[in-house]
Structure formats: C-alpha cells, structure tokens
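Structure first, then comments.
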Amino acid sequence: MMWKWSLIYIVLLTVPVYGQEQEAQKPLTFQQMVKLDRIEWRTISFANPVPSVVSVRSIQKSIEGRTSMFVHPEQQWIAYDISAFRQYPFLHLEMCDAPPPLSLEDKLHFRDFFNTGGTLYLDYCSHVFPHDWKKWGMSIYSEVRWEELNSTHVLSHSFYLLEKRILLEQGHSSIYVLKNDGRIIMVLNQSSRFSWKRFRQSPTSKTYNAPDDEMRLRFYINLMMYLLTGDYKSDQLHLPTILLRRK
C-alpha cells in the first residue's frame, strides 16, 4: 500500500506547482476597460454594393466629450447576410421597406445572433412599415411581445433622464423594446425625431443643444451605454467606468 500513498503524495505536490506555472490573469485596469468600451455603428444594407462609409465625427465628439465611451468616427454598412451577423454585437437597420421573409434557417441564425449577446436596432425610415417590422421581430421568438419605452425604463435614465414629453407622441411611446430572457434584443424607433439619420445630420454639440437635439443625443448615449454594459446596475466589470462617466 506504500506505493499508493506515495503516488497520492506526488499528485498533491504537483498540483500547486502546475498552478504556479500558469500566469494568473490580471484584472483589467481602468484604461484597459475604457478601450473596450467602443461602439461601431454598422447599418445593414439591402443594396448591392453596400454604400460607402460616412463620417460621424460630430457625433463622436459629442459623445466622447461627455462620456468615456469611444465611438467609431464612421458609419459603416454591411450586407444583409444573416449567417454572418453573429460576429457583430450591435446592428442597425432602417425600416425603409417591408421586412424580408424569414425562413426557419434565418430565424435560427437570428437567434444565434441574439443568444450571443447581439442587439438589433430597427430605425425609423418611413411611417408605413413599423407595424410590419414589429410582427417580423415577434416571428423570431413567438413567445415575446414588444413593450413601450416609458420614463421608468432603464433606457430612459441609465445615463441621462429623458423627459416624458419627449418619449411620448400622441400619448404613446415612439420607442419599443423586445426582450428575451430579460435582455433587450431589439429596439424599434418609429419616430423620425429619434432616427439615426436625423441624429447624424443634426448640429450636435457636447455642450449646449436645441431641445430635440439634446434629447436625441441623450437617447443615443443611453442606448450605447446599455449595449456596452448589458445591465448597468449589476455589471461590475464596467462599474468604475460608469461611475466616472457621470459628469
């Protein structure tokens, strides 16, 4: 029996030695966390070829002037290829036309995109199609329903408090969210005043803006912050960043 005890003793001795040989993963510094907080605005395009990139430096300066978030200085387009969406954490799509039909395979690819943390932003382009896109979104997960964004929702006050009158149009919210397992997987904007196109074209400043321009800037900062942190209240990884963002 002596050899068995000797073998156990050797194993117990070698485990800590092996552990010491593995370099311990160091916690991220604040500067490293900030570098990870970067939004790249990619818009899905149904055109072939896809449009050229467009500068959004005014938006970049406005957001980076108020927060520690990094924004890509250009809007980029990608082709409508559902099987490739999984590599992107956030995608933007303008509802200019009726939504394309979804096969079962397409729905599974979209589920992969959402299940790996992806979020899709369905943006205003025409007042004709939002209802069709709402049905399209629910067809991917038949058990989910759209919710109106109100003044108590995390997206309305995660960084800046949005005024109730801005969120409502004719008594109803112009922004809707679709959740799966408690996480927002789609945001739908059916108001031109909050559209990315108007935001891109508005003379946004990091200091003072006209009321609508200011609310639009605040909404997109809240949206980007939510996308970067997941749940800003409990995401401890980004907590130091979040606290320093509150200027």
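I'd like the full set of residues that are part of a loop (DSSP other than H, G, I, E, B), in contact (Cβ under 8 Å) with a residue 12 or more places away in the chain and not charged (D, E, K, R), limited to segment 91-103.
Narrowing segment 91-103 to residues part of a loop (DSSP other than H, G, I, E, B): 95-103.
Next, only the ones that are in contact (Cβ under 8 Å) with a residue 12 or more places away in the chain stay: 95-100, 102.
Matches in segment 91-103: Met95, Cys96, Ala98, Pro99, Pro100, Leu102.
Please identify the pairs in which a residue from segment 104-118 that is on the phi < 0 side of the Ramachandran plot has its Cβ atom under 7 Å from the Cβ atom of a residue that is surrounded by 15 or more Cβ atoms within 10 Å (Cβ to Cβ) and among the polar types (S, T, N, Q), counting only partners at least 6 apart or on another chain.
These pairs meet every condition: Phe114/Asn180.
With respect to Ser192, determine if the residue is polar (S, T, N, Q), surrounded by fewer than 19 Cβ atoms within 10 Å (Cβ to Cβ) and within 24 Å of Ser58 (Cα to Cα). Steps first, answer last, please.
Details: polar (S, T, N, Q): yes; surrounded by fewer than 19 Cβ atoms within 10 Å (Cβ to Cβ): yes; within 24 Å of Ser58 (Cα to Cα): yes.
So Ser192 fits the description; yes.
Can you pull out the residues in segment 43-76 that are among the small types (Gly, Ala, Ser) and touching a residue at least 60 places away in the same chain (Cβ under 8 Å)?
So in segment 43-76, the residues among the small types (Gly, Ala, Ser) come out as 45, 47, 52, 55, 58, 62, 65, 68.
If the condition is that a residue be among the small types (Gly, Ala, Ser) and touching a residue at least 60 places away in the same chain (Cβ under 8 Å), then Ser58, Ser62, Gly65, Ser68 are the ones that fit.
State all residues of segment 138-152 that are closer than 17 Å to Gly182 by Cα, surrounded by fewer than 19 Cβ atoms within 10 Å (Cβ to Cβ) and not basic (Lys, Arg); if no residue qualifies, say none.
From segment 138-152, those closer than 17 Å to Gly182 by Cα are 138, 140-150, 152; that's our starting set.
Filter once more, so that each one left must be surrounded by fewer than 19 Cβ atoms within 10 Å (Cβ to Cβ): 138, 141-148, 150, 152.
Matches in segment 138-152: Met138, Tyr141, Ser142, Glu143, Val144, Trp146, Glu147, Glu148, Asn150, Thr152.
Can you name the residue in segment 19-61 that is surrounded by 15 or more Cβ atoms within 10 Å (Cβ to Cβ) and either in contact with a Pro (Cβ under 8 Å, 6 or more places away or on another chain) or modelled with pLDDT under 60 (or both) and, of all such residues, is farthest from Ser205 (Cα to Cα)?
Here the answer is Ser45.
Which of the residues that make up segment 54-90 are small (Gly, Ala, Ser) and not in a loop (DSSP other than H, G, I, E, B)? Full working, then the answer.
Going residue by residue through segment 54-90, those that are small (Gly, Ala, Ser) are 55, 58, 62, 65, 68, 79, 83-84.
Residues satisfying the conditions are Ser55, Ser58, Ser62, Ala79, Ser83, Ala84.
Going by what's in this entry, would Pro89 be described as surrounded by fewer than 16 Cβ atoms within 10 Å (Cβ to Cβ), under 25 Å from Arg200 (Cβ atoms) and modelled with pLDDT under 95? Explain how you work it out, then say what you get.
Values: surrounded by fewer than 16 Cβ atoms within 10 Å (Cβ to Cβ): yes; under 25 Å from Arg200 (Cβ atoms): yes; modelled with pLDDT under 95: yes.
Yes.
For residues in segment 127-137 being surrounded by 13 or more Cβ atoms within 10 Å (Cβ to Cβ) and not charged (D, E, K, R), which is nearest to Arg86 (Cα to Cα)?
Across segment 127-137, the extreme among qualifying residues is Gly137.
Restricting to segment 76-130, count the residues that are over 20 Å from the mean Cα position of the chain (by Cα) and closer than 22 Å to Glu40 by Cα.
Residues meeting the conditions: 1.
So which of Glu148, Glu214, Glu163 is under 24 Å from Gly65 (Cβ atoms) and free of Cβ contacts under 8 Å to residues at least 40 places away in the same chain?
Values: Glu148 fails: under 24 Å from Gly65 (Cβ atoms); Glu163 fails: free of Cβ contacts under 8 Å to residues at least 40 places away in the same chain.
Just a single option satisfies the conditions, and that option is Glu214.
Of the residues in segment 196-247, how many are in contact with a strand residue (DSSP E or B) (Cβ under 9 Å, 6 or more places away or on another chain), surrounded by fewer than 17 Cβ atoms within 10 Å (Cβ to Cβ) and at pLDDT 90 or above?
2
On the basis of being of a type in the set (Phe, Trp, Tyr), surrounded by 13 or more Cβ atoms within 10 Å (Cβ to Cβ), touching a strand residue (DSSP E or B) at 6+ places or on another chain (Cβ under 9 Å) and closer than 18 Å to Tyr226 by Cβ, does Phe110 make the cut?
Details: of a type in the set (Phe, Trp, Tyr): yes; surrounded by 13 or more Cβ atoms within 10 Å (Cβ to Cβ): yes; touching a strand residue (DSSP E or B) at 6+ places or on another chain (Cβ under 9 Å): yes; closer than 18 Å to Tyr226 by Cβ: no.
So Phe110 does not fit the description; no.
The values are calculated or read from the model by the stated rules, or taken from the named source; none is laboratory data. Note that the structure is predicted; figures quoted are calculated from it, not measured. Methodologically, a virtual Cβ is constructed for each residue, glycine included, from the backbone with ideal geometry; neighbour enumeration extends over all protein chains shown.
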